[in-house]
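Visitor: Before we start, here is the structure in question, set down as structure tokens.
The values are calculated or read from the model by the stated rules, or taken from the named source; none is laboratory data. This is a predicted model, so every value here is computed, not measured. Neighbour counts run over all protein chains shown; Cβ positions are idealised from the backbone, glycine included. With ligands, DNA and RNA removed, areas are computed over all heavy atoms of the protein, side chains included. Shrake-Rupley method; radii C 1.70, N 1.55, O 1.52, S 1.80 Å.
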Amino acid sequence: MNRRRFLTSSAGVLASALVPPVRDGVSASAGQSRRSIVIDAHAHYGYLGGFGQQRDISFEECLEAADQAGIDKLCLCSIEALAFEMTEGNKAIHRLMKQYPDRIIGFATVPSPYFGKKGLDELQRAIEVYGMKGIGELETTPAYPIDIPHWIAVLKKAAALRVPVLVHGSPSTCARAAEQVPDVTILLAHLGTGFGLAVGEWLDTIEMAKSHPNVYLETCTSITAYGQIEMAVQELGSGRLVFGTDIPLLDPSVMKAKITGADIPSEAKENILGKNMARLLKL
Ligand SMILES: [Zn+2]
């Protein structure tokens, strides 16, 4: 029994009897029929390994957690393709897309920038043949940042294919990459944090995004600083943020609460939670 099933079957039963069900959090009293779409721009499934727990987390388990958080669609990237073997990992996403066509938006990725033409061909096949709608997550490191030539080639391929790219990188390297490929749409994961959890790095990210209009900020973070979403909306406008969870590495309900609980207008929450991503993906 996993953690969620345990809670549902014990204390959660009592809680659900006392509290009215709220799935959307955007306009809680409005009811399901008026809720606008919620798209998770940053989702995975698979073997966590070096990312945390030593276990294989199925897509179905991730979907159950997404259901509990009130998420309609997941931009899904395989951990296998991201960290281990791109071809089989992207194929597995394609199989899941056919199995869950209303829930999954496929994202294709490569585990390293050093596959050259083979990697670029793999991404093109995933977009044009498998029908995926985005690239990434590109898992960069301080040693292999997003502005090195091999990653720049991937960004140029994304621009040519007219799909957004989810990038795990720092604000400074993202800025240099965005300048080199001005016609690519970069979704900068974790508000530009994620390497060593530098305190306040997200402030640098917001500042960078002001002068780089092709960079959108994806909102899931390990450290949820006070006022983070409010400041991002104030400085950039809600049109530049996209909701993501990094499920199953982070908890989707907690990541969604960052948005639903922020002191910003309902319209801004709807933009961040799904409308911006729907626009970028041309849904
Ligand atoms: Zn991720």
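Visitor: How big is the Cα convex hull of the stretch 35-98 in projection, averaged over all directions, in nm²?
Guide: 4.7
Visitor: Separate question: How large is the convex hull of the Cα atoms of the stretch 150-283 per residue, expressed in Å³ as a whole number?
Guide: In the stretch 150-283, the Cα hull volume divided by residue count equals 105 Å³.
Visitor: Something else about it: Using the crude model of +1 on Lys and Arg Cβ and -1 on Asp and Glu Cβ, and no other charge, please compute the dipole size for the chain relative to its Cα centre, in debye to 20.
Guide: About 660 debye.
Visitor: Counting pairwise Cα distances across the chain, what percent come out greater than 34 angstrom?
Guide: That tail contains 15 percent of the Cα-Cα pairs.
Visitor: What's the longest uninterrupted piece of the chain once you rule out the trypsin sites (Lys or Arg not before Pro) that are loop residues per DSSP with at most 13 other Cβ within 10 Å?
Guide: 163-281
Visitor: Which residue, Ile223, Ile93, Ile272, tops the fluctuation ranking in a GNM of the chain built on C-alpha contacts under 10 Å?
Guide: Among Ile223, Ile93, Ile272, the largest GNM mean-square fluctuation belongs to Ile223.
Visitor: Who wins for biggest fluctuation among Val110, Val199, Val163 in a Gaussian network model of the chain, springs between alpha carbons below 10 Å?
Guide: Val199
Visitor: Moving to a separate point now. For Val199 paired with Gln234, estimate the spin-label separation in nm (one decimal), with each label point 7 Å from Cα along the Cα-to-Cβ line.
Guide: 2.0
Visitor: Please report, as a whole percent, how much of the solvent-accessible surface of the chain comes from carbon and sulfur atoms (probe radius 1.4 Å).
Guide: 56
Visitor: Can you compute 3J(HN,Hα) from phi for each residue in the stretch 56-72, using the Karplus curve 6.51 cos²θ - 1.76 cosθ + 1.60 with θ = phi - 60°, rounded to whole Hz and x for Gly and Pro?
Guide: Running phi through 6.51 cos²θ - 1.76 cosθ + 1.60 with θ = phi - 60° gives 8, 10, 6, 4, 4, 5, 4, 5, 4, 5, 5, 4, 4, 7, x, 9, 7 Hz.
Visitor: Could you check how many percent of all C-alpha pairs in the stretch 89-135 are farther apart than 15 Å?
Guide: In whole percent, the long-distance tail amounts to 38.
Visitor: Continuing with this model, one more query. Say each of Ser112 and Ile223 gets a label point 7 Å from the Cα, pointing the same way as Cα to Cβ; how far apart are those two points in nm?
Guide: 3.2
Visitor: Between Ala43, Ala209, Ala225, which gets the highest mean-square fluctuation from a Gaussian network model of the chain, Cα cutoff 10 Å?
Guide: Result: Ala225 has the largest fluctuation of those listed.
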